[in-house]
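Visitor: Take a look at this one; I'll ask things after.
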Amino acid sequence: MTEKVQLVYAYLTTGRYHRLQGEIEVDAIAYEKRVQVVWYTKFGQYAADAHYVRATRQGREVWSFSVDTAEDVQFDVVYEVDGEIYTDNRQGRHYDVHAGHPSTSVILGSPPVKVNEWLYHVPGVVPQPILDADGFRASILVDAGSASEKGSVFMRYTTDGWDSYAETEATHHVSTDSSCSPPAFKVFHVNLSLPETVSRLDYAIRYEDDTRVYWDAHSGANYVTVR
């Protein structure tokens, strides 16, 4: 059953300021609504409105948020619509991100598998999908708490706008990272040889094991990488 509101992902960046960014999916119940991120620090509780991004093909909406915050943050996402309040608070435990380490600064919400676009400076991890003369390369993150030892990751892709498609299996690379117990993510790699004439790749990711299947189709829009 799909929840009325779900965190898609969140990450905490550091610099002069700390910034919490991410996306939320909600059911499109009514036009008038309010979507917020509520976060908690040692200084108190704060809230900020998320902003509408787009509708999905499944009758849901994607909203984004970006807020300046403290170094270590616990947060929830809240959806107010038709006089009701819905909350994704990680089943009462709050989402938790910590600056200063790649494995603790990224949270995968729903689904717990994503194409990596956030982990930089991690040995062997492709920071963002790449399509060039050598083909296509990407790293896939799977939340370690949602992954089985026997789980597999596949990429379904097309080079002709979905008139046809193929699949390739990703290879398990590493659990990131060894200093975290338990590891935050399992990392898989896709390394696909393609003709140099291919200038655009559309794709989605699937994780499966004996009991579960998760699709990451970029909230229904599919991923697109261009040369």
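Each value in this text was obtained by applying a stated rule to the coordinates, not by laboratory testing. Values in this document were obtained by computation on a predicted structure and should not be read as measured data. Please note: Cβ atoms are built from the backbone with ideal geometry, for glycine as well, and neighbour counts cover all protein chains shown.
Visitor: Which entry is the computed percent of Cα pairs over 21 Å apart for this structure: (i) 58; (ii) 63; (iii) 51?
Guide: Only one listed value fits the structure, namely (i).
Visitor: Now for a separate question. May I have the count of lysine pairs in the chain with C-alpha atoms under 27 Å apart, counting pairs 8 or more residues apart or located on different chains? Walk me through the intermediate numbers first.
Guide: Working: Lys4/Lys33; Lys4/Lys114; Lys114/Lys150; Lys114/Lys186; Lys150/Lys186.
Within the chain, the lysine pair count is 5.
Visitor: Let me ask you something else. Could you give the size of the charge dipole of the chain about its Cα centre, using +1 on the Cβ of each K and R and -1 on the Cβ of each D and E, expressed in debye and rounded to the nearest 20?
Guide: Details: 20 positive and 32 negative charges, 58 e Å.
The calculated dipole for the chain is roughly 280 debye.
Visitor: Another question about this same structure. Ordered by residue, what ³J(HN,Hα) values in Hz, to whole numbers, does the stretch 194-199 give under the Karplus form 6.51 cos²θ - 1.76 cosθ + 1.60, where θ = phi - 60° and Gly and Pro are x?
Guide: The phi angles translate into 9, x, 5, 6, 6, 10 Hz.
Visitor: Still on this structure, I have one more. Taking 8 Å as the Cα distance limit and 6 or more residues as the minimum spacing, I'd like the relative contact order of the chain as a percentage.
Guide: Over the chain, the number comes to 17 percent.
Visitor: A further question follows. Using unit Cβ charges (K, R positive; D, E negative) and no other charged atoms, how large, in debye to the nearest 20, is the dipole of the stretch 115-226 about its Cα centre?
Guide: Values: 7 positive and 16 negative charges, 37 e Å.
Taking the Cα centre of the stretch 115-226 as origin, the dipole is about 180 debye.
Visitor: Let me ask something additional. Arrange Ser164, Ser105 by Cβ neighbour counts within 10 Å, fewest through most, would you? Don't skip to the end; give the middle numbers.
Guide: Details: Ser164 8, Ser105 21.
Neighbour counts put them in this order, fewest first: Ser164, Ser105.
Visitor: Once amide H atoms are placed 1.01 Å from N in the peptide plane, what residues at a sequence separation of 5 or more from Asp216, or on another chain, have their amide H within under 5 Å of its amide H?
Guide: Ile205, Arg206, Tyr207
Visitor: Across all directions of projection, what mean area in square nanometres is found for the Cα convex hull of the stretch 106-227?
Guide: 7.6
Visitor: Related question: Could you list which residues have their amide H under 5 Å from that of Phe185, counting only those 5 or more apart in sequence or on another chain, with H placed in the peptide plane?
Guide: Ala144, Thr176, Asp177
Visitor: Taking K and R as +1 and D and E as -1, what net charge do the other residues with C-beta under 12 Å from the C-beta of Leu131 add up to?
Guide: Details: positive: Arg137, Arg200, Arg227; negative: Asp132, Asp134, Glu196, Asp202.
Counting the neighbours of Leu131, the net charge comes to -1.
Visitor: Determine the sum of side-chain charges near Trp162: Lys and Arg each +1, Asp and Glu each -1, restricted to other residues whose C-beta is under 15 angstrom from that of Trp162. Walk me through the numbers on the way to the answer.
Guide: Details: positive: Arg57, Arg156, Arg200; negative: Asp160, Asp163, Glu167, Asp202.
My count for the surroundings of Trp162 gives -1.
Visitor: Related question: With the cut-off at 1.5 for a/c, could you classify the stretch 34-143 from its C-alpha gyration tensor as rounded, prolate or oblate?
Guide: Note, shape of the stretch 34-143 comes out oblate.
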